[in-house]
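Data block below; observations after.
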Amino acid sequence: MRLRFNIDSDSEKERRAIEARRAYQKKWRAAHKDRVREYNRQFWLKKGVQNASERKQ
């Protein structure tokens, strides 16, 4: 499960940590577009199989 952070309610130290993490992840995704694209493709293929099996039941 993915956690959502509300920057407005966090302390200054926590806010900076969240912003640094987001900046790192954004930079990583930009540098590894092929890996992100493949991950997303696999994720949606898996979701499609799950949805198809749920409809059959």
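Every read-out reported here was derived from the displayed coordinates using simple, explicitly stated rules and does not represent laboratory data. Quick caveat, the model's predicted, so the values are computed rather than measured. So basically every Cβ, Gly included, is an ideal-geometry build from the backbone, and we count neighbours across all protein chains shown.
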_Under 14 Å, Cβ to Cβ, from Trp44 - net charge with Lys/Arg +1 and Asp/Glu -1_ = +3
_All lysines inside 27 Å of Lys26 as judged from Cα atoms, apart from same-chain residues fewer than 8 positions distant_ = Lys13, Lys46, Lys47
*Taking 0.36 nm per intervening residue step and subtracting the Cα-Cα distance, what contour gain separates Arg16 from Trp44 on full extension?*
6.8 nm
